[in-house]
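What follows is a set of notes on a single structure, which appears directly below.
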Amino acid sequence: MTEKPINLADAFATFDKLWSPRIVARVNDYDVRIAKVAGDHIWHAHTHTDEFFLVLDGVLRLALRDGGGEREVVLDRGEAFVVPAGVEHRPSAPGGASILMFEPSGTMTVGDHRDPVPGHVDVTAGTMISGSRT
Ligand code: NI
């Protein structure tokens with residue numbers, strides 16, 4: 001639960017690290033996470049869960065390997081997209097973006113990816129925003 005309203009602008013002001021989601025709320029066994037992103041994430045998939053993305057600022061590109069080919073969806077501010085479970089995807093944001101994600105607690109940012117992960121990408125299930133309560 002939350003005892004007071006969640007201010008996303010205040011939450012974003014508490015961190016600068018890229019590709020390192022912060023958990024702003026927990027809803028049943030799902031996390032609402034926010035992240036600052038820029039440049040490329042890595043190709044990965046989440047075998048057991050869909051992943052919801054909402055762009056709050058900037059532009060997020062999602063490269064997808066589905067249907068036997070590769071394609072890219074481009075999400076502008078205010079647009080949302082669900083990557084289905086098992087679909088390989090690579091988020092990127094050449095110009096930077098602020099995003100919100102909704103996915104089961106414990107979902108790793110790099111999915112089932114097991115190859116070495118570049119240093120600019122955090123391997124995490126999200127960090128609680130300090131001061132928030134669940
Ligand atoms: Ni993902």
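Tabulated data for the structure shown
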quantity: Qualifying residue in the stretch 64-74 (condition: within 14 Å of the chain's Cα centre (by Cα), of a type outside the set (Lys, Arg) and surrounded by 14 or more Cβ atoms within 10 Å (Cβ to Cβ)); calculated: no
quantity: Among (1) in a loop (DSSP other than H, G, I, E, B); (2) under 22 Å from VAL110 (Cβ atoms); (3) of a type in the set (Lys, Arg), the one test that LYS4 misses; calculated: (2)
quantity: Answer from ALA13, ALA25 - the residue that is over 24 Å from VAL117 (Cβ atoms) and free of Cβ contacts under 8 Å to residues at least 24 places away in the same chain; calculated: ALA13
quantity: Test result for ARG33, open to solvent by 30 Å² or more (accessible area, probe 1.4 Å) and either in a loop (DSSP other than H, G, I, E, B) or within 20 Å of VAL123 (Cα to Cα) (or both); calculated: no
quantity: Scope the stretch 82-120; condition in a strand (DSSP E or B) and either open to solvent by 50 Å² or more (accessible area, probe 1.4 Å) or of a type in the set (S, T, N, Q) (or both); matching residues; calculated: VAL82, GLU88, ARG90, SER92, PRO94, GLY95, SER98, PHE102
quantity: Cβ pairs under 6 Å, 6+ apart, first in the stretch 87-98 and in contact (Cβ under 8 Å) with a residue 24 or more places away in the chain and within 14 Å of the ligand (Cβ to nearest atom), second open to solvent by 70 Å² or more (accessible area, probe 1.4 Å) and not acidic (Asp, Glu); calculated: GLU88/ARG65; SER92/ARG61
quantity: Residue match in the stretch 42-54 (condition: more than 11 Å from the ligand (Cβ to nearest atom), under 25 Å from ASP16 (Cβ atoms) and either open to solvent by less than 10 Å² (accessible area, probe 1.4 Å) or assigned to a strand (DSSP E or B) (or both)); calculated: yes
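Per-residue answers, yes or no, for (1) more than 12 Å from the ligand (Cβ to nearest atom); (2) over 21 Å from GLY58 (Cβ atoms); (3) among the charged types (D, E, K, R); (4) touching a strand residue (DSSP E or B) at 6+ places or on another chain (Cβ under 6 Å):
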| residue | (1), (2), (3), (4) |
| --- | --- |
| GLY69 | yes, yes, no, no |
| LEU75 | yes, no, no, yes |
| VAL82 | no, no, no, yes |
| GLY119 | yes, yes, no, no |
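The values are calculated or read from the model by the stated rules, or taken from the named source; none is laboratory data. The model shown is predicted, which means the values in this text are computed figures rather than measured ones. FYI the Cβ positions are ideal-geometry reconstructions off the backbone, even for glycines, and counts take in every protein chain you see. What goes into the accessible areas is simple: the full protein's heavy atoms, side chains included, and nothing from ligands, DNA or RNA. Shrake-Rupley method; radii C 1.70, N 1.55, O 1.52, S 1.80 Å.
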